[in-house]
Ligand SMILES: [Fe+2]
Ligand SMILES: [Fe+2]
């Protein structure tokens, strides 16, 4: 997936979108929290994610600018999802404990994915250095969320992490299920178009061949019924 520079550019663009989304959600979380320290940390986190988005977008533009013409737009985002961030989380409905637990797991997953991306990018040192730079921030995000979760929820930390993990697993399952449903729907449509439709077209064509050509005189009996004066 990262071998082709054009696909790499498209992938970085999608990463940029996810990072920017995460940044917006964290800015909202900073507005909503009543904890002064968390507000500062959420704001710093939001700024980091915005900066990551800008770094990915700039690099994607450089990579994509070196290509012209149309290329395949097929992307399998769940195979290389980048940082999933807050991923459909409704910030307004989450308390700080659940938010920190979810963030901690997301940042940890992102950090381990970015280690892999960085390791396979030897052929593109510029993109590699961007991943290395972002990875440092992701490690900070992963650590501060755990420290803060311990601070505000020392007794329920394990429970919060368990529920956050279950939620992430459920969402992962839904993503795969939706992808499979889309694939199956596509296959059914193709079969309908190339197998069922030609079959009915053939039957209709044969039936049309049996029909007499041109005007056909109706039987006198029927004709008399047809006339309003007859
Ligand atoms: Fe990030
Ligand atoms: Fe992050």
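Observations
- Rough spin-label spacing in nm, given labels placed 7 Å along Cα→Cβ, for residue 61 and residue 162: 4.8 nm
- Ranked by the mean number of other Cβ atoms within 10 Å of their residues, highest first, the peptides 194-200, 20-26, 55-61, 119-125 come out as 20-26, 55-61, 119-125, 194-200.
- Virtual paramagnetic centre 7 Å along Cα→Cβ of residue 93, amide N under 20 Å, in region 142-169: 160-169
- The mean sequence distance of close C-alpha pairs (under 8 Å, at least 6 residues apart), as a share of the length of region 5-156, puts its relative contact order at 25 percent.
- Per-q log10 I(q)/I(0), region 5-156, q = 0.18 Å⁻¹ (Debye; single scatterer per alpha-carbon; no solvent): -1.02
- Where labels lie 7 Å past Cα in the beta-carbon direction, separation of residue 197 and residue 32 in nm: 4.6 nm
- The tail of the calculated P(r) for region 79-218 beyond 17 Å holds 73 percent of all Cα-Cα pairs.
- Region 170-221 has equivalent-ellipsoid semi-axes of 49, 11, 5 Å, by the square roots of 5 times the alpha carbon gyration tensor eigenvalues, sorted largest first.
- One decimal place: the segment residue 123-residue 190 gains 20.2 nm when fully extended, by the rule 0.36 nm per residue minus the C-alpha distance.
- If R0 equals 41 Å, the separation of the Cβ atoms of residue 208 and residue 176 corresponds to a calculated FRET efficiency of about 0.30.
- When each of the peptides 203-209, 27-33, 153-159 is scored by the mean number of other C-beta atoms lying within 10 Å of its residues, the order from highest to lowest reads 27-33, 153-159, 203-209.
Rule-based calculations on the coordinates, nothing more; no lab input. Please read all numbers here as calculations on a predicted model, not as lab measurements. Ideal geometry is used to build each Cβ from the backbone, glycine not excepted, and the neighbour counts take in all protein chains shown.
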